[in-house]
1. With the range 34-152 as the region, which helices (runs of 4 or more DSSP H) entirely inside it contain at least 3 residues that are within 30 Å of the chain's Cα centre (by Cα)?
2. Does at least one position in the range 13-33 carry a residue that is surrounded by 10 or more Cβ atoms within 10 Å (Cβ to Cβ), among the aliphatic types (A, V, I, L, M) and within 21 Å of Gly92 (Cβ to Cβ)?
3. What's the number of the only condition in (1) assigned by TED's automatic domain parsing to the domain that holds Gly30; (2) touching a Leu at 6+ places or on another chain (Cβ under 7 Å); (3) of a type in the set (Phe, Trp, Tyr) that Phe51 fails to meet?
4. Which of (1) assigned by TED's automatic domain parsing to the domain that holds Ala15; (2) modelled with pLDDT under 85 does Ala31 not meet, given it meets every other one?
5. Of all residues in the range 1-54, which are charged (D, E, K, R) and in contact (Cβ under 8 Å) with a residue 24 or more places away in the chain?
6. Regarding Leu111, is this residue of a type in the set (A, V, I, L, M, F, W, C), exposed (fewer than 11 other Cβ atoms within 10 Å of the Cβ) and not assigned by TED's automatic domain parsing to the domain that holds Gly34?
Amino acid sequence: MSKARGFLQEFQEFAVRGNMIDLAVGVIIGAAFGKIIDSLVKDIIMPIISFILGGEVDFTNQFWVLRLPEGYTGPETYDALTKAGAVVLSWGNFLTIFINFILLAFVVFCLVKAVNTARDKVLRREQAEPAAAAPPPEDVALLREIRDLLKK
């Protein structure tokens, strides 16, 4: 019984440790940020690419059929082929996910660069402004005056 209680107490200390909470928050925000990047690629960038190329370009539906199942006569869409058991190389989906990754990495790079720049500015400001010496207390100043007068 005491081993189980010790184990549970150790787990509780591990779970509520500050770094674990920070990590959990980071993972949750990262997942939400990933959805934003997916939407950016799917809803904004890909339509712009389609417009520039002058047609309907949807990389997610681009694929090569490597092998059809015997006797397959159905539609040649990605979903139908994969359900039928065809071997399909979905290079368009990979390309879309790769574009998502590049955009996500670029945005994270920009955020880290901005945070580092802001931190460097704060550090430079702190180094440029040396701490002003606090004036001595009145009694110390008075004692110094008396000392100086006695020396004279």
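The values are calculated or read from the model by the stated rules, or taken from the named source; none is laboratory data. Keep in mind that this is a model prediction, so the values were computed, not measured. Neighbour counts are summed over all protein chains in view; Cβ atoms, including those assigned to glycine, are modelled from backbone coordinates with ideal geometry.
1. Numbers: elements: 46-53, 78-84, 91-128, 138-151.
Correct list: 46-53, 91-128.
2. no
3. Checking Phe51 against (1) assigned by TED's automatic domain parsing to the domain that holds Gly30; (2) touching a Leu at 6+ places or on another chain (Cβ under 7 Å); (3) of a type in the set (Phe, Trp, Tyr), the one that fails is (2).
4. The single condition Ala31 does not satisfy is (2).
5. Initial filter on the range 1-54 (charged (D, E, K, R)): 3, 5, 10, 13, 17, 22, 35, 38, 42-43.
Asp38, Lys42, listed by residue number.
6. Details: of a type in the set (A, V, I, L, M, F, W, C): yes; exposed (fewer than 11 other Cβ atoms within 10 Å of the Cβ): no; not assigned by TED's automatic domain parsing to the domain that holds Gly34: yes.
So Leu111 fails the test.
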